[in-house]
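Reading through the structure tokens given below for one structure.
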């Protein structure tokens, strides 16, 4: 072999070793080699606990409404016993006392009201009982990344965690937020619980409340009451894409503050022995649709010499091959191991 070519190869070999820190793959430390995030374990634990606590939910605080069917009994007065349905105006009609507004009251409040009406003119110390024989249908739609999405009938008001428990908890592909979408009420602006950078999803004549699922598991103030007609939507996590010199190129879900080192670990860390970890690029579209290139040095991130980079939906992480490493690998195969040039290529 020509002496000049051998010298050039040796220089490339030494230069590649010095400049790239050896030809072995970059192995992320255990803290960076995270598996996919905890699959919403924390929020699902909170959901299950809340669901268990309210599995036998009482109806004492239930507010009566149109279409509810009531059994009304006056002790010792069989002729006053009635099964009545609350009409569209929220009223019931009973012997002696006529039409009475029932909607909006609890059964106990209605009992007290009837005792006052019957006792004022007709009976002495009447004992009245009100039992809800049929509850009106209140439907809540559960959509998105839930284990059992669908329509659910509820009695009265239920909390957000209770409804998530009824739907089986959130799916491991869920994003970081839950949306409560409800019709706007006349004269009410509605309670807004929005977090910075939360994705918005508004529909005409509705209000959308956006809640961080991780905070929901910790902060009881976010466990809002849910009413009939509400839609609870848990959006699926967005995706970023890891391409190039990794073992398992493809998409990874962007949730739980996913960083570039974590995404590469999920794509099959360690990266290939031919990778150039100092030349990684994140391709990102800005708000104007213009492509943005963000250079990343994985070796410096692993060494904690520079901060890790948070990924966004639709980011493309490209891990290029090192030209020098590729050349040396090809040359090693060409010479068949007959020459020792002072370098090794990790398997």
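The values are calculated or read from the model by the stated rules, or taken from the named source; none is laboratory data. On a predicted model such as this, the values are computed, not experimentally measured, just so you know. When we count neighbours, we look across all protein chains shown, and the Cβ atoms used for this are built from the backbone with ideal geometry, even at glycine.
Worth pointing out:
- Scanning the range 142-162 for residues that are assigned to a helix (DSSP H, G or I) and under 14 Å from the mean Cα position of the chain (by Cα) turns up 160, 161.
- The lone exception for residue 139 - which of (1) part of a strand (DSSP E or B); (2) at pLDDT 90 or above it fails: (2)
- Scanning the range 253-268 for residues that are within 20 Å of residue 306 (Cα to Cα) and modelled with pLDDT of 85 or more turns up 258, 259, 260, 261, 262, 263, 264, 265.
- Within the range 269-305, considering residues that are closer than 16 Å to residue 241 by Cα and assigned to a loop (DSSP other than H, G, I, E, B), the one modelled with the lowest pLDDT: 271
- From 325, 332, residue being surrounded by 15 or more Cβ atoms within 10 Å (Cβ to Cβ), at pLDDT below 85, touching a helix residue (DSSP H, G or I) at 6+ places or on another chain (Cβ under 7 Å) and assigned to a helix (DSSP H, G or I): 325
- Applying a threshold of 9 Å to beta carbon distances and a minimum spacing of six or more residues, or different chains, the list of pairs starting in the range 158-184 at a residue that is outside the structural domain of residue 146 (by TED's automatic domain parsing) and farther than 16 Å from residue 224 by Cβ and ending at one that is modelled with pLDDT of 90 or more and part of a loop (DSSP other than H, G, I, E, B) is empty.
- Candidates are the residues of the range 226-252 that are out of contact with any strand residue (DSSP E or B) (no Cβ under 6 Å at 6 or more places or on another chain) and part of a strand (DSSP E or B); the one that is modelled with the lowest pLDDT is 250.
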